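Written out below as structure tokens is the structure these notes cover.
Computed from the coordinates by the stated procedures, all read-outs in this text should not be read as laboratory data. Remember, predicted model here, so these are calculated numbers, not experimental data. Positions of Cβ are backbone-derived with ideal geometry, glycine not excepted, and every protein chain shown enters the neighbour counts.
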Amino acid sequence: MNNDLILLGHGSGGRLSHQLLEELIIPQLSSVPVAGQNDAALLNIGGIKLAFSTDSYVVDPIFFPGGNIGDLAINGTVNDLAMMGARPLCLSVGFILEEGFSKEELARILASMREAAEAAGVAIVTGDTKVVPKGKGDRIFINTSGIGAVEHNLQIDGASAQVGDKVIVNGCIGDHGIAVLSAREGLEIDSGIQSDSAALNGLVTSLLPLGSALHVLRDPTRGGVATTLKEIALQSGVTVTLDEKSLPINPGVKGVCSILGLDPLYVANEGKLLAFVAPERAEEALAVMRRHPLGEDAAIIGEVTGTSSGKVQMETVVGGVRGVEMLAGEQLPRIC
Amino acid sequence: MNYSDSFRDKELVQGLARRIAELTKGLDKPLVFMEVCGTHTMAIYQFGLRSLLPPQVKLISGPGCPVCVTPNSYLDRAIALCRLPDVVITTFGDMLRVPGSSSSLMEERAKGADIRVVYSPLDAVQIAARNPGKRVVFLGVGFETTAPTIAGSILAAEAQGVTNYFVLASHKTMPQPMAILSADPELQVDGYLCPAHVSAIIGADAYRFLCEEYKVPCVVTGFEPADVLQGVELLVRQALAGESKVEIQYSRVVRWEGNAKAQAMLADVFTPFDAPWRGIGVLPGSGLRIADKYAAFDAELAIPVQVEELKEHKGCLCGEILKGKVSPFDCPLFGGKCTPESPVGACMVSSEGTCAAAYKYGR
């Protein structure tokens with residue numbers, strides 16, 4: 001097989017993305033190995049601790065139930081900062097527009113970016129716009145970068161999971177991926193599912209008083225909950241055991257997934273976080289989340305059951321046990 | 001609780017597992033049952049059903065994933081077609097990653113071929129209608145569950161006068177491969193979990209000859225965990241009583257005579273032929289090609305193309321795995337050279353392939 005080309009799967013957030021980072025990008029550009037990578041870089045500039053992150057948005061379709069590429073671009077980068085426990089301060093925005101793109105659609109996207117930034121309490125302070133010839137881009141791509149202030153001394157890190165930790169998610173999983181998929185041309189499923197796109201910095205602020213009991217925060221975006229948990233298990237050298245029956249999943253998401261042969265554990269989220277919390281404070285963390293508007297359906301979905309080279313397993317609804325691996329390639333709808 | 005959740009009830013499923021354990025207690029040789037359908041393979045891995053069964057019951061996976069049994073030669077022709085400048089390939093998603101002799105559709109797409117994933121063959125007919133300057137080819141693979149929808153797309157194209165829609169047909173049918181497996185002296189199968197939705201089309205009567213000629217129990221079984229374990233229990237009871245008959249566990253969907261309307265469509269649009277199965281070989285009357293009266297829609301006849309010379313992948317045990325003779329973990333390539341990102345054999349590609357299921361859920 002020809003391994004010289006970039007495939008769509010290299011952007012899936014799953015194993016191929018990791019391979020690309022490990023083999024090509026990180027050796028050239030970074031001194032931090034892939035296993036040590038977090039959602040944002042931590043910088044110490046003259047004694048001031050900052051988090052710095054960047055992300056590009058190429059979602060198709062650009063408008064989908066519950067959001068559009070604009071609010072996604074704000075919330076996504078805000079969330080990457082928030083996962084370090086940082087308070088997002090300001091963002092940059094870069095647009096790549098395709099010749100012929102509608103100004104009216106751009107105006108709608110800008111309006112939702114403004115609203116999302118206001119809701120997250122973050123300022124857009126610099127930006128750039130480029131236009132490429134028709135056919136050389138797909139309507140609109142957005143890059144946002146962000147800086148956040150780290151005002152705690154906690155070790156919130158993908159490598160900090162400890163045996164006994166409870167794994168908590170702040171609500172139903174898979175909503176964003178299914179909302180986008182059902183809006184895609186050719187599928188046209190009226191699932192009624194809305195994207196969960198939301199800024200999580202407020203929710204994180206309410207969790208910080210847990211102090212050193214808060215070990216890991218990460219948002220399960222591309223690759224879904226399964227891939228994110230696998231990353232954390234590998235980084236921390238632990239075994240995570242999920243309890244399938246406690247996974248909060250919207251019935252509509254379950255339905256679409258079973259029609260298309262997808263597994264909700266691998267479907268993207270844009271307003272969810274996974275928190276690893278020491279067992280003695282887990283119920284308190286759950287209660288804090290449930291009091292927050294973005295955490296009403298929060299649930300404890302598993303725990304760290306031992307040390308290992310990074311295993312994730314799940315007790316299924318019927319009491320069987322199976323392994324959980326990273327997303328491999330793209331999630332493809334099944335054939336029969 | 002919704003309807004399908006009732007078939008995932010923990011007490012019910014564990015009760016069935018306990019009953020199977022009691023029935024088989026003390027057997028010195030395990031009973032070996034084969035699930036023929038890829039969706040069964042997935043359900044068994046996804047719900048961890050093997051971990052609930054006693055060691056006296058062994059489940060092995062058979063040739064029931066349509067992508068996995070599609071031979072290299074078919075992929076090579078699809079790849080040759082996609083390199084023609086005016087051809088658009090439309091396909092179900094699973095086919096993209098399947099390796100042909102030297103490339104895959106996913107690789108060709110990265111090089112610029114126009115390959116589109118559709119969810120229904122009728123969408124492919126619409127793409128053809130909207131693009132009269134293109135030749136739109138749908139990759140028609142799958143068993144009797146998908147074949148009627150593809151027959152329907154050919155009838156729709158004919159009715160709408162869409163003349164630039166073609167199907168590259170390589171449909172497979174059940175239960176011929178089960179007869180080959182039953183006749184294989186190396187393989188001792190004590191019973192079959194017969195496919196659920198294929199049987200909804202062909203009817204449970206189709207398996208009677210297996211029971212009569214090969215004395216092997218057959219149970220048409222649904223896809224939910226309680227279905228699978230009840231299917232296993234029925235097989236255990238038949239095997240212990242020395243019986244071999246067809247039973248329908250999935251009675252909420254499957255009838256003895258099947259779906260007459262779908263059968264009539266298949267008989268109209270397709271003709272049985274001796275189909276090549278990856279790893280198994282050519283089986284008489286085990287596939288469906290497009291019938292002569294619809295030859296204008298047959299991509300193989302209507303779009304002549306030079307196909308590269310066939311190369312089989314060395315060391316790949318897909319064929320033996322499809323026959324249930326070895327498990328994915330026995331294959332030297334499994335998890336090393338052959339992974340879902342860079343599959344060597346087709347069993348690793350489709351989400352319903354035995355190796356992909358074992359890789360994702362079984363390690």
Candidates B:GLY38, B:GLY285, B:GLY319: whichever shows maximal mean-square fluctuation once chain B is modelled as a Gaussian network with Cα springs under 10 Å: B:GLY285
Lys, Arg +1 and Asp, Glu -1 on Cβ, resulting dipole of segment A:38-149 about Cα centre, debye, nearest 20: 220 debye
Point-to-point label distance, B:TYR214-B:ALA183, nm (Cα→Cβ direction, 7 Å offset): 1.0 nm
Per-residue average of Cβ from other chains inside 10 Å of B:89-97: 4
Percentage relative contact order, segment B:34-308, counting C-alpha pairs under 8 Å, at least six apart: 20 percent
Peptide-level mean, for A:308-321, of C-beta atoms on other protein chains within 10 Å: 6
Separation of alpha-carbon centers, segment B:292-363 and segment A:50-64, rounded to whole Å: 35 Å
B:ALA21-A:ASP243 FRET efficiency (beta carbon distance; Förster radius 30 Å; 0.05 resolution): 0.80
Total lysine pairs under 27 Å (Cα atoms) in chain A, excluding pairs fewer than 8 apart on one chain: 19
Simple label model, 7 Å out from Cα along Cβ direction - B:ASP292 to A:CYS90, nm: 7.9 nm
Rounded FRET efficiency, nearest 0.05, which uses the C-beta distance separating B:PHE329 from B:GLN306 and R0 of 30 Å: 0.15
Using a Förster distance of 41 Å, the FRET efficiency for B:LYS29-A:ALA287 (Cβ separation, nearest 0.05): 0.15
Percent of C-alpha pairs per 20 Å bin, the protein assembly as shown, short to long: 17, 49, 30, 4, 0
Ratio Rg/Rh, restricted to segment A:166-323 and using Cα atoms, in which Rh is the Kirkwood radius: 0.97
Nonlocal amide H pairs with B:ILE60, under 5 Å, H built at 1.01 Å: B:PHE33, B:MET34, B:GLU35
Student exercise, segment B:120-265 dipole from Lys, Arg, Asp, Glu Cβ charges, in Debye to nearest 20: 660 debye
Rh (Kirkwood; distinct C-alpha pairs) - segment A:1-93, Å: 15.5 Å
Amide H partners (placed H, <5 Å) of A:THR221, local residues excluded: A:ASN269
Paired Rg and Dmax values of segment B:29-91, which use every Cα atom, in angstrom: 18.2, 59
Computed Rg/Rh of segment B:160-238, alpha carbon atoms with Kirkwood Rh: 1.13
Euclidean distance of C-alpha centroids, segment B:1-55 and segment A:229-305, integer Å: 27 Å
Among A:VAL204, B:ALA151, B:SER104 - extreme Cα towards positive end, dipole of the protein assembly as shown, charges at beta-carbon: B:SER104
Centre separation in Å (Cα based) which lies between segment A:120-178 and segment B:113-155: 38 Å
Segment B:318-362 - convex hull of the alpha-carbon atoms, volume per residue in Å³: 61 Å³
Summed residue charge, Cβ within 9 Å of A:ASP243's Cβ, Lys/Arg positive, Asp/Glu negative: -2
Per-residue HN-Hα couplings for segment A:36-53 [Karplus 6.51, -1.76, 1.60; θ = phi - 60°; Hz; x = Gly/Pro]: x, 7, 10, 5, 9, 7, 9, 10, 10, 10, x, x, 9, 8, 10, 10, 9, 8
Rotationally averaged projected area of segment A:32-178 (alpha carbon convex hull; nm²): 11.1 nm²
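Taking 8 Å as the Cα distance limit and 6 or more residues as the minimum spacing, I'd like the relative contact order of segment A:34-100 as a percentage. Display every interim value, and only then the final one.
Numbers: 50 pairs, mean separation 19.2, N = 67.
Relative contact order, segment A:34-100: 29 percent.
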Highest-fluctuation residue, A:GLY164, A:GLY202, A:GLY255 considered, GNM on chain A with Cα pairs under 10 Å: A:GLY255
Cα pair distances of segment A:252-299 binned at 5 Å [whole percent]: 5, 18, 20, 17, 16, 13, 8, 2, 0
Spread of Cα-to-Cα distances over 10 Å intervals beginning at zero, given as percent, for chain B: 5, 24, 32, 24, 11, 3, 0
Computed [θ] at 222 nm, deg cm²/dmol, chain A (DSSP H ≥ 4; -39,500 (n - 2.57); rounded to nearest 500): -8500 deg cm²/dmol
Hull-based mean projected area of chain A, where the convex hull spans the alpha carbons, in square nanometres: 18.2 nm²
Largest-first principal axis extents of the Cα set of segment B:78-176 (Å): 39, 35, 18
Amide H contacts of B:VAL216 (H built 1.01 Å from N, under 5 Å, at least 5 apart or other chain): B:CYS211
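Around A:THR227, what is the net charge, scoring Lys/Arg as +1 and Asp/Glu as -1 over all other residues with Cβ under 10 Å from its Cβ? Could you put the intermediate results ahead of the total?
Details: positive: A:ARG15, A:ARG222, A:LYS230; negative: A:GLU231, A:GLU325.
Its environment carries a net charge of +1.
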Simple spin-label estimate for B:THR271 and B:LYS10 in nanometres, 7 Å along Cα-Cβ: 5.7 nm
